[in-house]
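Some notes on the structure that comes next.
The values are calculated or read from the model by the stated rules, or taken from the named source; none is laboratory data. What you see is a predicted model, and the numbers here were worked out from it, not measured in a lab. Neighbour counts are summed over all protein chains in view; Cβ atoms, including those assigned to glycine, are modelled from backbone coordinates with ideal geometry. Note: accessible area is taken over every heavy atom of the protein model, side chains too, but ligands, DNA and RNA are not part of it. Shrake-Rupley method; radii C 1.70, N 1.55, O 1.52, S 1.80 Å.
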Amino acid sequence: MYGVPRLGIPSINMQDAAQGFRTIDPVNVGKVTQWPCLLNVAATWDANLTEKFGMALGYEFKQKGANVILGPSVNVHRIARNGRNAEYMSGEDGYLGAPLAAAYVRGVQTMGVAATVKHFVLNNQEEHRDTESSDASERTLFEVYYPPFEAAVRAGAASAMCSYNVVNGTHACGNHVILND
């Protein structure tokens with residue numbers, strides 16, 4: 001998105017972050033780091049190491065011209081065959097994901113790159129994600145699924161990205177209950 005220089009608003013230069021800077025531009029092919037997936041980062045259970053990881057990731061993204069990183073991905077694993085499980089740092093436990101999500105956000109944003117926590121919420125499967133509803137009670141949402149997102153927001157995440165799926169019968173990006181209530 002283009003900035004407005006006369007108002008001091010810079011362009012938004014977003015990059016996806018699952019395992020590093022995407023090499024869409026031929027200039028970057030062969031010049032990016034292949035970072036470990038976030039599930040590997042989560043397997044350390046180490047918030048300090050996760051923050052250092054975020055700093056290193058943010059530094060590379062900044063050097064390559066990005067000022068927004070589309071990460072961290074923090075969904076809790078619910079379906080073992082979900083094609084995105086390796087991208088999600090919460091693993092099977094939102095309690096684990098919360099401190100790691102906050103550390104990632106702090107690390108990335110220390111480098112001057114805005115973090116975007118995603119995919120809010122219950123993005124638990126890829127197959128039929130536009131038609132199948134991921135359902136959870138309010139208590140389950142607050143106790144299991146929301147904590148990593150809340151921790152990222154409390155850590156200062158610049159933005160959040162809604163998910164592609166249906167949540168309790170309504171598409172996430174148009175779901176008044178999860179987005180506003």
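Data table
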item	result
Unique residue being outside any loop (DSSP other than H, G, I, E, B), free of Cβ contacts under 8 Å to residues at least 40 places away in the same chain and charged (D, E, K, R) when the list is Arg106, Arg139	Arg139
Residue within segment 125-137 that is touching a strand residue (DSSP E or B) at 6+ places or on another chain (Cβ under 8 Å), open to solvent by less than 50 Å² (accessible area, probe 1.4 Å) and under 26 Å from Gly58 (Cβ atoms) present	no
Neighbours by Cβ (under 6 Å, 6+ apart or cross-chain): first from segment 147-164, among the polar types (S, T, N, Q); second assigned to a helix (DSSP H, G or I)	Ser163/Ala172
Selected residue [of a type in the set (Val, Ile, Thr) and open to solvent by 30 Å² or more (accessible area, probe 1.4 Å)] from Ile79, Ile178	Ile79
Which numbered condition Val108 misses (of (1) under 12 Å from the mean Cα position of the chain (by Cα); (2) open to solvent by 10 Å² or more (accessible area, probe 1.4 Å))	(2)
Single residue of Val74, Val153, Val68, Val117 found to be within 12 Å of the chain's Cα centre (by Cα) and open to solvent by 30 Å² or more (accessible area, probe 1.4 Å)	Val153
Any hit, segment 113-136, residues being aliphatic (A, V, I, L, M), assigned to a loop (DSSP other than H, G, I, E, B) and in contact with an Asp or Glu (Cβ under 9 Å, 6 or more places away or on another chain)	yes
Number of positions in segment 73-103 that are more than 13 Å from Val41 (Cα to Cα), in a loop (DSSP other than H, G, I, E, B) and of a type outside the set (Lys, Arg)	9
Count of segment 57-72 residues which are over 14 Å from Gln19 (Cα atoms) and either touching a strand residue (DSSP E or B) at 6+ places or on another chain (Cβ under 8 Å) or not in a helix (DSSP H, G or I) (or both)	5
Hits in segment 1-56 (condition: within 21 Å of Met161 (Cα to Cα), open to solvent by 40 Å² or more (accessible area, probe 1.4 Å), modelled with pLDDT of 90 or more and part of a loop (DSSP other than H, G, I, E, B))	Ser11, Ile12, Asn13
Residue within segment 95-110 that is at pLDDT 90 or above, out of contact with any strand residue (DSSP E or B) (no Cβ under 7 Å at 6 or more places or on another chain) and at positive phi present	no
